[in-house]
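Written below as structure tokens is the structure these notes are about.
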Amino acid sequence: MKIRSKRIVLKEGVKAGILEIEEGRIKAVLPYEAEADVDYDAENNRIIPGIFDTHNHGTMGWGLRDTDSPENEVRVKNYLKGLAAQGVTCIFPTAGLGSIKTCARLAKSQQDGAKIMGIHSEGPWLNRVGEKGIRTGWPEVTLAAAEKMLEDGDVYLRLVGISPEIPGADEIIRFFLDHGVTMAFTHSDCNYEQACAAIDKGLSVSTHLMNVMVGIHHRDVGGAGACLLSDKVTCELICDGLHVSNPMIQLILKIKPHDMIEIISDCSELSGAPVGKYRRPASDMIVNVTDDGFLLTDTGRLMGSSKPVLYGIGNLVENIGLPIEEVCRMSSYTVAVKYGFEKERGSIEPGKYADLVIISDSYEAVQTYSEGRRVYDNRTDKDLFNQQLVSELRID
């Protein structure tokens with residue numbers, strides 16, 4: 001198969017060319033003028049490396065319900081298809097404890113959508129609630145619970161977030177690290193010194209940097225400052241311009257090496273929902289889907305994420321002015337390096353899997369390819385949003 005484009009985003013820059021794909025891998029990047037029978041001409045649409053999102057709870061009306069059941073398996077399959085429609089080719093589903101088994105089982109077979117490369121558990125041992133939040137505590141901290149998470153994950157559990165200040169967390173951190181699971185600094189009230197101590201214990205990812213952690217103050221730079229300054233911590237970053245303002249994103253980019261920043265979405269199943277007022281899934285809380293697609297309470301507080309990584313890529317390129325090849329490193333290659341997949345994924349290079357997204361100038365996926373298979377095509381894949389969610393949860 002051959003795909004031509006005037007703008008292919010390679011590590012070294014953007015160039016015109018023809019991607020030759022054979023047996024699921026990129027065989028060569030041919031000159032644009034080469035005489036070749038082209039299967040698809042993307043024309044001026046850009047081809048970028050497939051997005052690797054390690055923090056995503058749901059999208060397009062499909063979420064990961066906290067149960068291992070045939071119904072949840074169907075939901076996850078539709079979720080993976082929805083991800084492909086947003087340019088995601090590799091995913092760590094951010095699963096509740098009850099759905100880890102479902103995700104691990106589906107990871108073993110080929111799906112019509114994004115490929116499950118691992119599983120992310122954001123918790124369950126979390127502490128910080130933010131300004132004026134009400135503390136609800138956390139589940140009992142037991143090694144048995146951690147062992148069950150690992151067993152249910154069946155080699156696919158790759159990332160676990162924890163608040164390191166919770167009593168008993170040290171044993172959990174040691175257990176997961178001993179079994180090759182990456183540990184993340186997550187939803188924490190730690191100050192700078194406490195956060196540094198946690199990093200020294202092996203926490204090497206900052207879950208959605210700046211969000212749900214003690215922020216930067218001029219007398220104590222908090223957990224956020226500790227993660228920014230540490231050369232041991234790779235930082236997840238939501239780049240929609242709302243969870244973290246663009247000036248703060250610019251400040252982060254001046255401090256943190258870009259090869260230690262991962263663009264993530266943290267999307268929920270309300271991503272892509274029509275404008276309106278909804279009950280939050282599995283909750284009595286009310287959330288408004290705004291005209292521009294964000295999720296807010298009636299008082300304007302953020303209530304989850306709704307914008308895919310592709311939206312964040314557009315924000316970084318169009319509003320902050322970063323070169324797209326640099327942004328794509330943060331959305332694909334940095335993640336692949338962090339989790340050991342860089343030899344086969346994360347960039348458009350001969351020999352690597354053909355994980356690709358053809359995108360429009362409005363940063364929407366036109367086509368998505370996973371290992372050379374077309375798993376999304378905007379000409380034929382219509383009505384992917386789960387309308388049942390609207391009928392179940394919309395109240396206005």
- Task: Collect the residues in the stretch 281-310 that are charged (D, E, K, R) and touching a residue at least 40 places away in the same chain (Cβ under 8 Å), keeping them in residue-number order.
- Result: Lys307
- Query: Do we find a residue being touching a His at 6+ places or on another chain (Cβ under 8 Å) and aliphatic (A, V, I, L, M) anywhere in the stretch 163-172?
  - Reply: no
- When only residues in the stretch 65-94 that are in a loop (DSSP other than H, G, I, E, B) and either touching an Asp or Glu at 6+ places or on another chain (Cβ under 7 Å) or at pLDDT below 95 (or both) count, which is nearest to Arg379 (Cα to Cα)? Ala85
- Task: Identify the residue in the stretch 166-218 that is in contact with a helix residue (DSSP H, G or I) (Cβ under 6 Å, 6 or more places away or on another chain) and of a type in the set (Ser, Thr, Tyr) and, among all such residues, is surrounded by the fewest Cβ atoms within 10 Å (Cβ to Cβ).
- Result: Tyr192
- Message: Here is a check on your reading of the model: is Ile100 under 15 Å from the mean Cα position of the chain (by Cα) and outside the structural domain of Asp355 (by TED's automatic domain parsing)?
- Response: no
- Residue check, Ser188 touching a Pro at 6+ places or on another chain (Cβ under 8 Å) and polar (S, T, N, Q): yes
- Task: Return yes when Leu126 is among the aliphatic types (A, V, I, L, M), closer than 21 Å to Ala224 by Cα and buried (at least 21 other Cβ atoms within 10 Å of the Cβ) and no when it is not.
- Result: no
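The values are calculated or read from the model by the stated rules, or taken from the named source; none is laboratory data. Everything quoted here is computed from the prediction, not taken from an experiment. Methodologically, a virtual Cβ is constructed for each residue, glycine included, from the backbone with ideal geometry; neighbour enumeration extends over all protein chains shown.
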